[in-house]
Amino acid sequence: MPVFPELARSRNAILTVSELTRRIRGSVEHEFFNIWVIGELSNVKKPSSGHVYLTLKDAHAQLQVVIFKSVANNLKFEIQDGMEALAFGSVTVYEARGQYQLVVERMEPKGIGALQLAFLQLKERLEKEGLFDPAHKKPLPVLPKKIALVTSLTGAAIRDILNVINRRFAKVEILIYPVKVQGEGAALEIAQAIRDLNTISGIDVMIVGRGGGSLEDLWAFNEEAVARSIFASKIPVISAVGHEIDVTISDLVADKRALTPTEAGELVVPRYDQIKDVCEKIKTRLAQVLYNKILLMRSRVLRIENSFSLKRPFDKVLRLQQDLDEIIQRLVMAGKHTIELERERLVGFASRLDSISPLRVLSRGYSITTTAEDDKLVKSTEGLSAGKMLKTRFFHGGIVSSVVELLP
């Protein structure tokens with residue numbers, strides 16, 4: 001096999017693919033360490049490992065990008081195809097494919113902060129699910145007996161809320177559930193506190209919140225876990241986060257938003273002096289109504305006392321007896337009239353029957369002849385013979401005779 005002179009002189013410089021790739025990787029990593037790259041995200045893939053793979057591109061080139069699970073879990077916004085973003089990280093070479101890629105340590109959407117984008121994305125998603133729908137919001141109790149507070153023990157918010165409640169209506173029971181209100185794990189603590197308080201009976205209303213701060217400070221109240229726990233709460237929830245200009249996801253989901261923790265204290269209980277004043281007015285009105293009712297009843301009693309019926313109670317009975325006599329008399333008269341009518345009807349029927357009676361015919365000189373043995377009417381000589389016994393009835397009396405001769 002021929003050996004080229006140049007190859008013979010440089011045998012010591014022959015590299016394997018792996019060695020060459022490692023040298024390139026070292027050179028690339030040294031040259032392109034901790035850099036910012038801007039481009040459009042495409043081909044976003046999120047396998048079960050938790051890592052995120054995507055392509056960062058512009059009009060003329062593209063770059064493979066990997067975001068490992070530990071970094072991806074801490075991204076506040078959701079990575080989507082077509083989004084333009086700033087990626088911070090280092091370029092390395094994936095030796096198995098001989099492909100260079102950017103390993104991202106931080107990513108921010110272009111033109112808008114990551115937290116603001118995350119807020120808008122979550123707000124849009126929860127709004128589509130109906131978590132902000134006013135139909136799901138529960139009314140606050142007018143006069144709660146037990147109030148729960150979910151906030152930090154060290155912040156100014158709890159002092160403001162307690163001061164306002166004690167000043168307005170000190171006769172309520174307050175249950176405090178201390179939680180972290182910012183930093184890692186704060187959202188999970190707040191969500192768990194809301195769930196725990198829902199297992200305690202007798203709580204009428206709940207205040208969840210903290211004092212003011214930056215968007216990062218308030219971020220726990222923009223987490224999905226807190227939003228869903230507020231939505232699932234059977235106890236009415238007042239969200240009191242930050243200042244008036246601070247609007248969080250918790251504010252949108254809660255049954256009532258307080259512009260500040262101080263306002264939350266004002267919303268949760270009425271002023272005692274106002275309640276007392278209202279009660280006094282109601283008491284006065286009730287007393288007046290009762291007094292008027294007593295006057296009316298007294299007037300009615302006096303009218304009854306002075307009435308003729310009460311002075312002569314038996315007059316009513318006597319009048320009823322008189323009415324009864326009148327009714328009986330009317331019934332007797334009606335009975336007599338009915339009997340007279342029926343009698344006249346019977347007389348008429350008797351007259352009509354008498355006019356067609358055979359006896360009426362006999363009274364005019366006619367007679368009736370029947371056979372003596374069976375009393376059958378004889379209308380002709382047919383069936384008769386000499387010696388046949390006959391009975392003849394006249395208007396008065398009758399005779400029995402025998403047939404002597406049949407005439408034609």
Which value, in debye to the nearest 20, describes the size of the charge dipole of the chain about its Cα centre when Lys and Arg Cβ atoms bear +1, Asp and Glu Cβ atoms bear -1, and nothing else is charged? 2080 debye
Kindly report the accessible area of the chain per residue (heavy atoms of protein chains, probe 1.4 Å, no ligands, DNA or RNA), in Å². 67 Å²
For Asp251, the net charge from surrounding residues (Cβ-Cβ under 14 Å; K, R +1; D, E -1) works out to -1
Nearest 10, in degrees from 0 to 90: the angle of helix 114-129 to the longest Cα principal axis of the chain is 20 degrees
Calculate what fraction, in whole %, of the accessible area of the stretch 250-408 sits on carbon and sulfur atoms when a 1.4 Å probe is rolled over the protein chains. 61 percent
Relative contact order of the chain, please, whole-number percent, based on alpha carbon pairs below 8 angstrom and at least 6 residues apart. 9 percent
For the stretch 292-406, how big is Rg over Rh, using alpha carbon atoms and the Kirkwood form of Rh? 1.72
Around Leu286 (Cβ within 13 Å, Cβ-to-Cβ, excluding Leu286; K/R +1, D/E -1) the net charge comes to +3
So what is log10(I(q)/I(0)) for the chain at q = 0.06, 0.09, 0.10 1/Å, when the Debye sum runs over its Cα atoms only? -0.58, -0.84, -0.91
How large is the dipole of the stretch 259-408 about the Cα centre if only Lys and Arg carry +1 and Asp and Glu carry -1, each at its Cβ, rounded to the nearest 20 debye? 660 debye
Mean residue ellipticity at 222 nm from the helices of the chain, using -39,500 (n - 2.57) per DSSP H segment of n ≥ 4 over the full residue count, to the nearest 500 deg cm²/dmol? -13500 deg cm²/dmol
Burial order of peptide ranges 74-81, 128-135 (average beta-carbon count within 10 Å, highest first): 74-81, 128-135
Name the residue from Leu63, Leu131, Val247 whose Cα lies farthest towards the positive end of the charge dipole of the chain, charges +1 on Cβ of Lys and Arg and -1 on Cβ of Asp and Glu. Leu131
How large, in percent, is the carbon and sulfur part of the accessible surface of the stretch 108-249 at a probe radius of 1.4 Å? 55 percent
Net charge within 12 Å of Thr260 by Cβ-Cβ distance, Lys/Arg positive one each and Asp/Glu negative one each, not counting Thr260 itself? -4
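The values are calculated or read from the model by the stated rules, or taken from the named source; none is laboratory data. Given the structure is predicted, the values throughout are model-derived calculations rather than measurements. So basically every Cβ, Gly included, is an ideal-geometry build from the backbone, and we count neighbours across all protein chains shown. SASA here: full protein model, heavy atoms, side chains in, ligands and nucleic acids out. Shrake-Rupley method; radii C 1.70, N 1.55, O 1.52, S 1.80 Å.
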